[in-house]
Amino acid sequence: SRQVEEAAVERAVADVYAIISGPAGQKRDFARMKTLFTPDARLYAVGQRGLSGGSLDDYISRNGPNLERVGFTEKELARRTEIYGNLAQVWSSYAGTSTDGSVNVRGIN
């Protein structure tokens, strides 16, 4: 049913936020994160220096150590989900903050 599909999508999005968020020193469950993406998934960000990103493994190797060392929390602010057959598209706006306050970002996943 539509409600079951939406609930599954919401759980997946919430799980990603929960995995990348945590205090300094807390290990992240990147093995679990890998189960939430297809093997060929790509994660990109557009910033002042243009487009950056790559594979999920690239994201984990580039960001994982800092997430765990410094601590970081990303909280969803709003979400728009559209489901067409077996395809779901989610726009999830967020605010992210490092534990030490050196990072304070907003964006859309």
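The values are calculated or read from the model by the stated rules, or taken from the named source; none is laboratory data. Everything quoted here is computed from the prediction, not taken from an experiment. Virtual Cβ from ideal backbone geometry, glycine too; neighbours counted across all protein chains shown. For the accessible areas, the whole protein counts, side chains as well, though only heavy atoms, and no ligand, DNA or RNA atoms are used. Shrake-Rupley method; radii C 1.70, N 1.55, O 1.52, S 1.80 Å.
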| said: Quick check: the angle from helix 2-20's long axis to the longest principal axis of the chain, C-alpha only, nearest 10 degrees? | reply: 10
| request: First compute the accessible area of the chain with a 1.4 Å probe, then give the percent of it belonging to carbon and sulfur atoms. | output: 53
| task | Would you check the accessible area of Leu77, probe 1.4 Å, heavy atoms only, in square angstrom rounded to 10? | result | 90
| said: With a 10 Å cut-off between alpha carbons and a GNM built on the chain, which of Gly85, Gly25, Gly54 moves the most? | reply: Gly85
| task | Among Phe72, Val46, Tyr59, pick out the residue whose Cα is farthest towards the positive end of the charge dipole of the stretch 1-83, where Lys and Arg carry +1 and Asp and Glu carry -1 on C-beta, about the Cα centre. | result | Phe72
| Largest first, what is the accessible-area ranking of Val16, Val4 with a 1.4 Å probe? | Val4, Val16
| query | What number, in percent, do you get for the relative contact order of the chain if the mean sequence gap of Cα pairs under 8 Å and at least 6 apart is divided by its residue count? | reply | 23
| Residues of the stretch 1-25 with amide N under 17 Å of the 7 Å Cα→Cβ point at Ile83 | 1-15
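Counting Lys +1, Arg +1, Asp -1, Glu -1, what net charge surrounds Ile83 among other residues with beta carbon under 9 Å of its beta carbon?
-2
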| Nearest-ten-degree value, helix 56-70 long axis tilted from longest Cα axis of the chain | 50
| task | Please work out the average accessible area per residue across the chain, using the 1.4 Å probe convention, and give it in Å². | result | 68
| message | Not counting ligands, DNA or RNA, and with a 1.4 Å probe, what is Val46's accessible surface area in Å² rounded to the nearest 10? | response | 130
| request: Take the Cα coordinates of the chain, assign each an equal point scatterer, and use the Debye formula without solvent to give log10 I(q)/I(0) at q = 0.09, 0.10, 0.11, 0.21 Å⁻¹. | output: -0.25, -0.30, -0.37, -1.34
| At q = 0.13, 0.22, 0.26 Å⁻¹, what base-10 log of I(q)/I(0) does the Debye formula yield for the stretch 15-73 when every alpha carbon is treated as an equal point scatterer in vacuo? | -0.34, -0.92, -1.13
| Arg11, Arg2, reordered so the largest accessible area comes first (probe 1.4 Å) | Arg11, Arg2
